[in-house]
Amino acid sequence: MEEKKDAVVVLIVDDDELVRMTLSVLVSSLGYHCLVAGDGVEAIAVLKSTAVDLVFSDIVMPGMDGLELLAHIIENYRETDVIISTGYHEKASYSEVIKAGAIDFIKKPIDQAELEAKLARAVRERSMMRELERLSMQDGLTSILNRRAFDQRFSDEVERAHRQNYPLMLAIIDVDNFKQYNDEHGHQEGDKVLINLADILRECTRDKVDMCFRLGGDEFAVLLPQATANQGTEIVQRILLSFVEQSFGTTTLSIGLVSCKRNIKLPREMDEAAIRERADQAMYDAKNAGKNCVVARV
């Protein structure tokens with residue numbers, strides 16, 4: 001679905017106040033939410049405080065020019081797209097600007113119809129890319145996030161929790177006796193078990209805060225940002241009880257729960273792998289303890 005224009009934030013960056021104000025009025029009249037900055041430094045300050053969808057920047061500015069701003073945005077704000085504008089006398093070519101990472105290029109003086117068309121195309125393409133990204137991160141059977149999404153979100157969330165100093169819990173969940181249930185009742189019934197478990201995960205976790213994933217087969221995961229050990233335990237116990245109440249034959253859940261606190265003595269990737277290994281081991285310990293239980297290593 002295409003984004004509504006008034007939900008799209010466009011940042012105009014130009015050191016010429018008249019050009020900046022004219023473009024601001026024009027972009028606002030087209031229905032977009034418009035912000036302005038007089039140079040690259042001001043633009044970075046805006047980006048730090050506000051989520052910006054599209055930056056429309058002049059290429060020649062004092063201090064930080066448009067291409068330097070473009071490079072900074074590509075490195076630090078991957079959700080923000082950039083259109084570069086230049087005067088006819090300037091040497092930067094379309095191919096150079098696109099190669100540098102901009103999504104489009106427009107010559108000054110700017111034609112209103114051309115600007116409108118380029119903005120509309122940029123918004124349309126952003127919507128398409130976001131939808132494709134969403135689909136690539138979604139499990140086809142259960143409609144919750146998939147392993148690809150977990151690999152990305154886990155790393156991001158661990159780093160964010162460390163940087164902002166709040167607790168983060170990870171639960172690994174495995175369906176006990178699932179193969180037996182699948183063999184006895186058929187794959188369609190087995191799929192119903194997985195779909196119901198995904199629904200339970202959504203119901204028992206906090207909307208827009210916690211993240212639920214199907215890692216593959218009958219293995220699931222839940223990330224619980226800003227949840228203490230006690231809160232995390234309460235959530236996964238609720239998941240366990242809700243699943244048992246559904247009564248899918250002899251199936252139960254084995255759940256491993258761990259804290260994701262960073263060990264700064266280890267390299268980031270090594271530490272993240274160690275956290276995941278602890279969660280997996282806690283889940284296997286739950287299985288070895290007789291299944292249908294939670295083992296917490298917090």
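When the GluC sites (Glu not before Pro) in the range 31-105 are filtered for DSSP coil states and for at most 14 other beta-carbon atoms within 10 Å of their beta-carbon, the remaining sites are 79, 90. Once the C-beta distance of residue 148 and residue 241 is scaled by a Förster radius of 35 Å, the resulting FRET efficiency is 0.70 to the nearest 0.05. With the simple model of a label 7 Å out from the Cα in the direction of the Cβ, residue 273 to residue 72 spans 3.6 nm. Loop-located chymotrypsin sites (Phe, Trp or Tyr not before Pro) across the range 37-135 with a Cβ neighbour count of 10 or fewer within 10 Å are 88, with loop assigned by DSSP. Once you reduce the range 273-294 and the range 203-236 to the center of their Cα atoms, the two points are 15 Å from each other. Put a dot 7 Å past the Cα of residue 281, heading toward its Cβ, do the same for residue 228, and the two dots end up 2.7 nm apart. Split the chain at each of the trypsin sites (Lys or Arg not before Pro) in a DSSP loop with at most 11 other beta carbon atoms within 10 Å, and the longest piece is 92-207.
When the pairs 179/265; 179/261; 48/208 are compared against a 30 Å limit on Cα-Cα distance, 179/265; 179/261 fall above it. Give the angle, between 0 and 90 degrees and rounded to the nearest 10, that separates the Cα long axis of helix 112-136 from the longest principal axis of the Cα atoms of the chain. Tilt relative to the chain: about 10 degrees.
Summing +1 for each Lys or Arg and -1 for each Asp or Glu, what net charge is found among the other residues whose Cβ lies under 11 Å from the Cβ of residue 182? Local charge sum for residue 182: -3. Only residues of the range 141-184 count here: report those whose backbone N is under 20 Å from the spot 7 Å along Cα→Cβ of residue 266, or say none. Zone members listed by number: 150-173. Residues of the range 193-213 with an amide N closer than 11 Å to a point placed 7 Å from the Cα of residue 141 along the Cα-to-Cβ direction: 193-198. The calculated FRET efficiency for the pair residue 297 and residue 188, based on their C-beta separation and a Förster distance of 41 Å, comes to about 0.70. Relative to one another, the C-alpha centroids of the range 114-184 and the range 38-78 are positioned 28 Å apart. The fraction of Cα-Cα pairs per 10 angstrom bin, counted from 0 for the range 183-259, comes to 17, 53, 24, 6, 0 percent, rounded to whole percents.
Summarising the strand pairing of the chain, around 45 percent of its internal DSSP beta bridges are antiparallel. Using the Cβ of residue 140 as centre and a radius below 13 Å, the other residues enclosed give a net charge of +2, where K and R count +1 and D and E count -1. With contacts taken as Cα pairs under 8 Å and at least 6 residues apart, the chain reaches a relative contact order of 14 percent.
Describe numerically, in nm with one decimal, the distance between label points set 7 Å from Cα along Cα→Cβ at residue 132 and at residue 99. In this crude label model, residue 132 to residue 99 measures out at 2.3 nm. Taking 10 °C and 1.306 mPa s as the conditions, I'd like the Stokes-Einstein D for the chain in µm²/s, using the Kirkwood hydrodynamic radius from alpha carbon pairs. Rounded, D is 72 µm²/s. For the chain, the longest principal axis of the Cα atoms and the long axis of helix 17-29 meet at an angle of about 50 degrees.
Rule-based calculations on the coordinates, nothing more; no lab input. What you see is a predicted model, and the numbers here were worked out from it, not measured in a lab. Cβ atoms come from the backbone with ideal geometry, glycine included; neighbour counts cover every protein chain shown.
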